[in-house]
Every structure is written in structure tokens, then in C-alpha cells.
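The values are calculated or read from the model by the stated rules, or taken from the named source; none is laboratory data. All figures in this text were calculated on a predicted structure; none of them were measured in a lab. Heads up, the Cβs are rebuilt from the backbone with ideal geometry, glycines too, and the neighbour counts pull from every protein chain shown. For the accessible areas, the whole protein counts, side chains as well, though only heavy atoms, and no ligand, DNA or RNA atoms are used. Shrake-Rupley method; radii C 1.70, N 1.55, O 1.52, S 1.80 Å.
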Amino acid sequence: MDSAPRPIISIRNITRSFTAGSETVTPLRDVDLDIWPGEMVAIIGQSGSGKSTLMNIMGCLDRPTSGDYHFDGRDVSQLEPDTQAELRRERFGFIFQRYQLLGDLDAVGNVEVPAIYAGIPRDIRRKRARDLLTRLGLESRLDHKPSELSGGQQQRVSVARALMNGGEVILADEPTGALDSKSSAELIELLLDLNRQGHTIIMVTHDPKVAAHAHRTIEISDGKILSDSGYKSLAAAPRQSPDAKPSRFAALSRLSEALNMALIAMMAHRIRSFLTMLGIIIGIASVVLVVALGTGSQQKVLENISSLGTNTITIRAGSGFGRRDADRIETLVPSDADALALADYAKGVSPAVSSSATARHGSAEATVQINGVVNDYFDAHSYLTVAGTLFDADDVATRTQAAIIDEDTRDTFFDDGVDPLGQVLHLGQVPVRIIGVVRSSGASFGPESLNVWMPYTTVMSRVSGQGYLSSIEVQVANGFETDAAQAQISALLLSRHGVTDFFTQNSDSIRETLSATTQTMTLLVGVIAVISLAVGGIGVMNIMLVSVTERTKEIGVRIAIGARRMDIVSQFLIESVLVCLIGGVLGIAFAWGSGTLAATLSDSVRISFSTLSIVAAFLSSTLIGITFGFLPARSAARLDPVVALSRE
Ligand code: ADP
Ligand code: MG
């Protein structure tokens with residue numbers, strides 16, 4: 001060659017200092033250095049003399065505190081992290097003393113990492129990785145993990161990785177430091193060979209024998225260049241660059257690689273991933289279960305409410321439920337009912353009496369609840385006629401000794417197959433004929449008892465002999481406000497009785513109370529569920545933060561060999577989203593399984609899974625993943641590669 005080409009590395013007046021607490025350390029002072037393409041340079045010096053600091057600046061892993069650095073004619077002294085990463089990825093190849101391979105990946109996987117960040121299509125980069133490893137004599141170790149390789153083999157894998165994107169300038173910081181002499185010699189031979197093929201090689205060593213192989217030796221002491229054997233004109237080397245072009249969907253393929261890496265990391269740390277997931281599983285399962293339980297019981301209550309029938313106002317003697325003197329108040333009488341029936345707000349008036357007696361049929365004997373009612377009672381309370389007929393208005397007027405029984409009563413007094421219709425039941429001394437069997441269409445409130453219904457007139461005159469009513473139920477006519485009707489009823493009865501010896505109650509208020517209660521319940525358990533979700537999310541964040549700390553070295557390696565901040569963020573974010581999503585799916589499955597089981601085992605449990613709650617659970621687990629994964633992911637991406645790499 002007639003003239004020396006332009007230096008590829010040109011350093012002027014570079015100083016690097018660190019502030020550690022109140023002290024300032026300056027491992028590099030006013031260094032000037034030029035390195036030309038195709039050179040093989042050895043940097044020697046004592047430990048702590050500043051060799052690594054210089055290498056890190058040359059490799060764009062670090063930035064000088066002051067001074068100029070031109071790489072291939074371009075000022076690169078103060079580049080942004082992602083631009084630095086691009087340079088490292090495209091132009092440099094790094095070989096570290098401790099190999100710095102990723103433990104979760106096999107040899108091919110490690111070698112292809114720089115090409116992943118360069119967006120090279122998968123099949124091209126895998127082929128290239130295999131070719132490189134084969135060239136370096138590792139064809140039988142392609143799918144071995146670093147832990148299954150010897151030191152020399154690991155270092156050759158890292159050489160292949162350095163060459164993956166071309167490795168125009170190879171920076172090797174004490175590459176033989178951890179190798180035995182045989183592997184050392186092989187590695188030096190390999191580096192010389194690469195140099196002959198045109199790679200510029202800069203290596204740091206404190207071994208003079210290793211340095212002796214280089215064409216040029218630079219000695220550093222105390223942050224300054226002590227001696228430089230100088231540039232010897234070399235045959236200009238062809239610039240090395242792989243022919244592969246980034247794929248057209250490079251960004252997309254990098255994302256899918258990030259997904260792949262997240263999966264690998266999760267599989268490699270199954271227990272940790274599962275424990276992280278557990279928080280989300282519990283959170284999501286409780287949200288879904290609680291919502292399903294809440295909706296289920298609300299539905300059940302609503303059904304019960306609708307079985308209460310049309311809007312009614314019930315008048316009872318006494319001043320409220322539970323008053324002991326209520327059954328001694330004898331002022332609620334049939335004539336009150338007649339008076340109420342005349343009012344225009346009353347569509348129907350049903351006087352009722354209740355009593356109990358011992359019923360007998362043949363040898364069977366049991367205490368039954370005797371309900372004296374009117375004929376439209378069954379309609380208003382949604383009873384289904386199972387057999388026979390109901391009594392009519394005439395039966396009420398003529399005090400017929402006809403009785404309707406429920407299914408439990410039928411089963412108590414009659415054997416299977418015996419028709420109860422037409423049979424006579426003795427209530428105390430009074431014989432009554434059974435004319436019908438009914439079944440309640442909704443769940444009933446209160447204690448279950450055997451029920452017998454008869455015209456209230458019959459009960460009053462023949463069975464209990466009491467001259468007063470237990471209650472009067474007024475059905476409110478359409479177009480009348482329940483509250484207004486209730487006030488008018490109270491006024492009417494007050495004028496008739498002179499004192500308030502009765503109380504009224506309307507089914508609206510029962511309805512409202514019941515639905516308000518279930519809503520409050522649902523809200524309450526919902527809040528508890530959301531809290532458990534948040535706790536699960538914070539758990540995810542903690543584990544992710546720990547995982548970032550634990551994997552500082554891996555992150556350092558990735559950044560050093562060319563990962564952008566975004567690549568690191570997406571890898572960690574995808575990992576936490578995946579953990580949360582899988583946790584979410586497992587949580588939903590668990591909720592569904594246990595809810596269905598509970599509903600099958602117990603009649604009183606009603607579960608109603610809504611698509612909405614499942615979709616919401618799904619979305620919230622994703623959101624938790626993103627929210628709580630973001631901070632750890634960002635702190636991972638902001639790690640200083642030099643600091644991260646030196647972490648043990
Ligand atoms: P070596 O020649 O052994 O590679 P280094 O370049 O690693 O030496 O370090 C040179 C000096 O700079 C050492 O005294 C070291 O303690 C100091 N040093 C290197 N990196 C840092 C840092 N990040 N913070 C503080 N001091 C540092
Ligand atoms: Mg060093």
C-alpha cells in the first residue's frame with residue numbers, strides 16, 4: 001500500500017474520571033491514540049492502570065469525561081445510548097475475560113443474539129451462527145449450554161458471537177485470563193487468524209507472551225500511555241461485513257424474539273415464575289369468583305323478590321316484628337278488611353289468619369301451620385297447583401272445610417302413590433277435606449314448615465276460633481303510589497282503632513332492602529378482590545425487580561452486544577405480562593372450577609360467571625403485567641453496561 005489509510009479509531013486528549021463518594025478517581029488522563037484498520041494491538045499494563053477503562057471507551061460501552069473520540073471518521077464521544085448500541089452491534093465484536101455467555105441459551109442461541117438485535121431473519125442468522133461455530137470447531141457443541149462447555153469452548157462461542165454481525169473491530173479484554181495455556185494458545189491463534197482475514201483486533205492482556213503475538217504493543221501505566229511500539233504498515237484488509245440484510249419486519253421480529261426470550265427465561269426459572277404467578281392467580285380467581293358469587297346471589301334474591309308477587313302492603317297487629325304482645329292484640333278484624341276494600345287504592349284485600357295445630361291422618365301425626373287466606377292468595381304469591389284445585393270466593397263466603405296442602409305436607413301424611421285429593425285431614429278435632437296440592441315457585445324465606453291453607457273464614461270460625469286477623473294484605477291498584485297508599489291505610493286504621501296498634505310494611509321496601517344489601521355485599525367483596533389483585537401486582541413487581549437485579553449481568557451482556565433500551569424493556573415487560581396473563585388464565589380456570597364445584601355440592605351457592613368479568617379479569621391481569629412490569633423493565637434498560645458487566 002502506498003499510504004496509510006485513515007485510522008479507524010482516533011482518540012485525542014481523552015480523560016475519564018469517576019466520582020465515588022467525595023473522591024474522584026481518574027483512571028485515564030489525556031490519552032492520545034490512533035488505531036488503523038487491520039491492526040492487531042495488544043494493550044498491556046498493570047492491574048488498575050486503566051486498560052479496561054480505555055477499552056470500554058473505544059468499544060462505546062462508556063463515554064469519556066472529556067476529549068474527542070472519532071470512530072471511522074465520526075465523532076462518537078458523546079453518543080446517545082441507543083446510537084452507541086448500534087455502533088457496538090454493527091461494527092464491534094466483544095470478547096470478555098469471563099466469556100459472558102447467557103446461561104439459558106445454547107451455543108447457537110448465544111451466537112445469534114447480536115443478529116437478533118440487528119433484525120436479521122431467523123433462518124439466516126441461525127445458519128450463520130452454526131457456520132461460525134463449525135468454523136471454530138464447535139460443530140458437535142451447537143446445542144450445548146455454556147455450563148456444558150469447557151472454558152476454551154465457551155470463549156470460542158463468544159468469539160463466534162463477536163463475529164456474528166461482522167466484528168470489524170474485535171475488542172478482547174483479557175481474553176485468555178481465565179483459560180489454561182493450551183486453550184490460551186488456541187485462542188491467540190484464532191485471533192491471529194481473524195486478523196489475517198482483515199479484522200482489527202485490540203486486546204488487553206497482562207501476559208507478555210500473549211502480547212508478543214501482536215503487531216503493536218501499547219503499554220499503559222497510571223492512566224497514561226507509557227510506550228507504543230507504533231503502527232507498522234500492513235496489507236490493507238478487506239472490511240468484514242456479513243451479507244445479510246435486516247428483515248423488512250425487523251421491529252416485529254425483534255418483538256417476537258423478545259417474546260421468545262421471555263419464554264426461555266420463564267422456563268429456565270419455573271419455580272420463580274410460578275410463585276410470581278401465584279399472586280396473580282389468587283387475585284384474578286378471587287375477583288372472578290367474587291363477582292360470580294355476587295351476581296349469582298343477586299339473581300337468586302331477585303327471583304325471590306319476584307316470587308313475592310305484585311306490590312302489596314301488609315298490615316299486621318302490633319308495633320313491629322318480634323313484639324311479644326302482637327298476638328294478644330285483637331283489634332285487626334274482618335271489618336277493617338271490608339273498610340279497606342272500599343278504598344280506591346286497593347285492588348284486592350286479603351285478610352289472613354294463621355294458627356297451628358296437630359294434624360292427623362290415619363296413624364300419621366304432625367304439627368302444621370294453618371294459613372287462613374282468601375282465594376287469590378295463591379296467585380299473588382306465585383304458587384303452582386300441583387294437583388287438584390284451589391278454593392274460590394264461594395268457599396271463603398261459605399266457610400267450606402276445604403284445605404290446600406303443600407308437597408311436604410302431602411309427603412308427611414301420604415305414602416307414595418296415595419292420592420291425597422278427597423282425603424280427610426284432622427286439624428285438632430276439625431276434619432277438613434284436601435282439595436289441592438301446591439308448590440311454591442320461588443324460594444321461601446323463613447323456616448320451613450308444613451303448610452295447610454284454608455279459607456280464612458273457616459279457620460276463624462271452625463279451627464282456631466279467634467275473632468281477629470293476623471294480617472291484612474292490600475294489593476295496591478295500578479297508578480297509586482305505594483307510599484301514599486300506605487299513609488292512607490295507616491290513617492284509615494288509626495281512625496277506626498283510635499291507637500296505632502298495627503304496623504304496615506310494603507313489598508317494595510323489602511325489595512329495596514334486599515337488592516341494596518346484595519349490592520353492598522357485591523361492592524364489598526369486589527373491593528376486597530381488587531385489593532388482592534393489587535397485592536398480587538405488587539408481588540409481581542417485587543419479583544421482577546429482584547429478577548432484574550439477579551440478571552444484571554445478562555442485561556449487561558445484552559446491552560454490550562448491541563441491545564437497544566427498547567429491546568431490554570420489551571423483554572422484561574413481555575416477561576411480566578406473560579406471567580400475569582398465564583396467571584390470569586389459570587386464575588380464571590381455578591375460579592371456574594372451584595365455583596362450579598361449590599355450586600354442584602351445595603344448593604345454597606349460586607354462581608353466575610359473566611363473560612364481562614372474565615374479559616375484565618383478563619384485561620386487568622395484562623394491565624397489572626404492564627403496570628408493575630414497567631418500572632423493573634425500565635430500570636433494567638437503564639443499567640450502565642460497564643457496571644452491569646462487572647457485577648458478580
Ligand atoms: P485495568 O487496567 O485493570 O483494566 P481499570 O481500567 O479497570 O483497570 O481501572 C482503572 C482504575 O479505575 C482502577 O483503579 C479502578 O478502581 C478505577 N475504576 C474503574 N472503573 C471505575 C468506576 N466505575 N468507578 C470508580 N472507579 C473505577
Ligand atoms: Mg481490566
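For the stretch 79-99, the criterion of being open to solvent by 40 Å² or more (accessible area, probe 1.4 Å), out of contact with any His (no Cβ under 8 Å at 6 or more places or on another chain), within 16 Å of ligand 1 (Cβ to nearest atom) and over 25 Å from Gly152 (Cβ atoms) is met by none of the residues.
Can you find even one residue in the stretch 512-527 that is more than 20 Å from Tyr383 (Cα to Cα) and in contact with a strand residue (DSSP E or B) (Cβ under 8 Å, 6 or more places away or on another chain)? Spell out the reasoning first.
First, pick out the residues of the stretch 512-527 that are more than 20 Å from Tyr383 (Cα to Cα): 512-527.
Those left that are additionally in contact with a strand residue (DSSP E or B) (Cβ under 8 Å, 6 or more places away or on another chain): none.
So far as the stretch 512-527 goes, no, none of its residues is more than 20 Å from Tyr383 (Cα to Cα) and in contact with a strand residue (DSSP E or B) (Cβ under 8 Å, 6 or more places away or on another chain).
When Glu550, Glu575 are checked against the criterion of being out of contact with any Ser or Thr (no Cβ under 9 Å at 6 or more places or on another chain) and more than 16 Å from ligand 1 (Cβ to nearest atom), Glu550 stands alone in meeting it. Scanning the stretch 39-70 for residues that are small (Gly, Ala, Ser) and more than 16 Å from Ile218 (Cα to Cα) turns up Gly59, Ser66, Gly67. For Leu171, the conditions (1) within 16 Å of ligand 1 (Cβ to nearest atom); (2) at pLDDT 90 or above; (3) outside any strand (DSSP E or B) are fulfilled apart from (3). Can you say whether Ser613 is hydroxyl-bearing (Ser, Thr, Tyr), out of contact with any His (no Cβ under 7 Å at 6 or more places or on another chain), in contact (Cβ under 8 Å) with a residue 12 or more places away in the chain and farther than 24 Å from Gly587 by Cα, as far as the supplied structure shows? So Ser613 does not fit the description; no.
The residue list Ser77, Ser3 contains one member that is part of a loop (DSSP other than H, G, I, E, B), at pLDDT below 95 and farther than 20 Å from Leu639 by Cα, which is Ser3. Of all residues in the stretch 8-67, those satisfying the criterion of being open to solvent by 70 Å² or more (accessible area, probe 1.4 Å), more than 16 Å from ligand 2 (Cβ to nearest atom) and in contact (Cβ under 8 Å) with a residue 12 or more places away in the chain are Arg12, Asn13, Arg29, Asp30, Asp32, Arg63, Thr65. Scan the stretch 131-160 residue by residue and report those that are surrounded by fewer than 19 Cβ atoms within 10 Å (Cβ to Cβ), of a type in the set (D, E, K, R) and over 35 Å from the mean Cα position of the chain (by Cα). If the condition is that a residue be surrounded by fewer than 19 Cβ atoms within 10 Å (Cβ to Cβ), of a type in the set (D, E, K, R) and over 35 Å from the mean Cα position of the chain (by Cα), then Asp131, Arg135, Glu139, Glu148 are the ones that fit.
Annotation: Asp68 fulfils all but one of (1) in a loop (DSSP other than H, G, I, E, B); (2) touching a Lys or Arg at 6+ places or on another chain (Cβ under 6 Å); (3) among the charged types (D, E, K, R); the unmet one is (1). In the stretch 408-432, what residues are closer than 14 Å to Val463 by Cβ and either of a type outside the set (Val, Ile, Thr) or outside any strand (DSSP E or B) (or both)? Those that are closer than 14 Å to Val463 by Cβ and either of a type outside the set (Val, Ile, Thr) or outside any strand (DSSP E or B) (or both): Leu425, His426, Leu427, Gly428, Gln429, Pro431. Residues that are surrounded by 16 or more Cβ atoms within 10 Å (Cβ to Cβ) and part of a helix (DSSP H, G or I) within the stretch 466-487 comprise Thr482, Ala485, Gln486, listed in sequence order. Cβ-Cβ distances below 6 Å connect the following pairs, each with a first residue in the stretch 618-639 that is under 19 Å from Arg558 (Cα atoms), a second residue that is open to solvent by 40 Å² or more (accessible area, probe 1.4 Å), and a separation of six or more residues or different chains: Pro632/Leu545; Ala637/Arg565.
From Ala285, Ala339, which residue is among the small types (Gly, Ala, Ser), at pLDDT 85 or above and assigned by TED's automatic domain parsing to the domain that holds Thr622? I'd like the intermediate steps shown before the answer.
Values: Ala339 fails: assigned by TED's automatic domain parsing to the domain that holds Thr622.
Sole residue among the options that is among the small types (Gly, Ala, Ser), at pLDDT 85 or above and assigned by TED's automatic domain parsing to the domain that holds Thr622: Ala285.
Taking the stretch 127-168 as the range and being of a type in the set (A, V, I, L, M), part of a loop (DSSP other than H, G, I, E, B) and in contact (Cβ under 8 Å) with a residue 40 or more places away in the chain as the test, the residues that pass are Leu136, Leu149, Met164.
Every listed requirement among (1) open to solvent by 70 Å² or more (accessible area, probe 1.4 Å); (2) at pLDDT below 85; (3) among the polar types (S, T, N, Q) is met by Thr331 save one, (1). Selection of the stretch 174-226 for residues being among the small types (Gly, Ala, Ser) and within 16 Å of ligand 1 (Cβ to nearest atom) yields Gly177, Ala178, Ala211, Ser221, Gly223. Residues in the stretch 540-552 include at least one that is out of contact with any Cys (no Cβ under 6 Å at 6 or more places or on another chain) and either closer than 30 Å to Asn311 by Cβ or not in a helix (DSSP H, G or I) (or both). When the stretch 50-62 is limited to residues that are within 12 Å of ligand 1 (Cβ to nearest atom) and assigned to a loop (DSSP other than H, G, I, E, B), the one that is nearest to Ala162 (Cα to Cα) turns out to be Leu61.
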